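Values in this text are rule-based calculations from the coordinates and carry no lab data. Since the model is a prediction, treat every value here as computed from it, not as a measurement. Neighbour counts are summed over all protein chains in view; Cβ atoms, including those assigned to glycine, are modelled from backbone coordinates with ideal geometry.
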Amino acid sequence: MPTHVPTREEALNLLKEFNQSESLVKHALAVEGVMRYMARKRDQDEEKWGIIGLVHDLDYERYPEQHCQKTEEILTGRGWPEDYIHAVMSHGWGLVTDVKPEHEMEKVLYAIDELTGLVTAVALVRPSRSVLDMKAKSVAKKWKDKRFAAGANREVIQKGADILGVELTELFEDVIMGMREVAEAIGLKGTVEQA
């Protein structure tokens, strides 16, 4: 089957075909938002980075025991390009795959995936319930409390920052900025009025 470059619409339809959970769809949209922000910041292909962010957990709801493996199967079967599939596989490095993040896009996805969950949790305990008025120091404070959002794998986040060669604070800031762009779609606009 020849490969074709998927559109965002195709990626979103695929995501919704395999995921009914509102929280998983919101997570995918958050990761997409951050990936697009990071692509622009690095002068990279925003569309490609965003699409990969959107489908990175494609198989998680239906096949949690085969996470990433099933996504590879699904995307290959639909003729997705090899580099898209490799990127998606690499976000599970050391956890569910042995595909190491090699390219900048893959390193970014690896670093920010778990962090979007932590930022979401921090936003939800704020009075505003929003990322729009959140600062990196709020995330840094909660980062130290290992019981807070314990499901967000801090080891992976730290490893991701290390392979990207950035400080955690900068990564926190970037993730917040990316999530601000999709705040409404991911339910984190809260009570903050945008100017």
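Give me the net charge for the shell around Lys141: Cβ to Cβ below 12 angstrom, other residues only, Lys and Arg +1, Asp and Glu -1. Result for the local shell: +4.
Semi-axes of the equivalent ellipsoid of the stretch 8-180 are 25, 17, 16 Å, computed as sqrt(5λ) over the eigenvalues of the C-alpha gyration tensor in descending order. With 30 Å as the limit on Cα-Cα distance, the pairs of Lys48/Lys146; Lys70/Lys107; Lys70/Lys142; Lys48/Lys144 that go past it are Lys48/Lys146; Lys70/Lys142; Lys48/Lys144.
Along the chain, the exposed loop sites are trypsin sites (Lys or Arg not before Pro) outside DSSP states H, G, I, E and B with at most 16 other Cβ atoms within 10 Å, and the longest stretch free of them is 79-128. Helix 154-164 and the longest principal axis of the C-alpha atoms of the chain enclose an angle of approximately 70°. Computed from Cα atoms, the angle from the helix 22-41 axis to the main principal axis of the chain rounds to 90 degrees. Taking 15 Å as the straight-line reach from the Cα of Lys16, the aspartates and glutamates in range (excluding those fewer than 8 positions away in the same chain) are Glu32, Asp57, Asp59, Glu61.
Considering only Ala183, Ala150, Ala39, the Gaussian network model of the chain with Cα springs below 10 Å gives its largest mean-square fluctuation to Ala150.
Comparing Cα centroids, the stretch 1-65 and the stretch 136-195 end up 18 angstrom apart.
In a shell of Cβ-Cβ distance under 11 Å around Thr169, excluding Thr169 itself, what net charge do Lys and Arg (+1) and Asp and Glu (-1) give?
Neighbourhood net charge equals -2.
As a calculated quantity, the FRET efficiency between Glu73 and Asp133 at R0 = 45 Å, using C-beta atoms, amounts to about 0.60. Within the straight-line cut-off of under 16 Å between alpha carbons, the aspartates and glutamates reachable from Lys100 are Glu72, Glu82, Asp83, Asp113, Glu155, Asp162, sequence neighbours fewer than 8 places apart in one chain being disregarded. Computing FRET efficiency as 1/(1 + (r/R0)^6) for Asp43 and Arg147, where r is the C-beta to C-beta distance and R0 is 35 Å, gives about 0.35. A straight Cα-to-Cα reach below 17 Å connects Lys189 with the lysines Lys26, Lys135, residues fewer than 8 places away in its own chain not being considered. To the nearest 10 degrees, how steeply does helix 8-18 sit against the main Cα axis of the chain, on a 0 to 90 scale? Around 90 degrees separate the two axes. When the alpha carbon gyration tensor of the stretch 24-121 is reduced to an equivalent ellipsoid, its three semi-axes come out at 19, 16, 13 angstrom, largest first.
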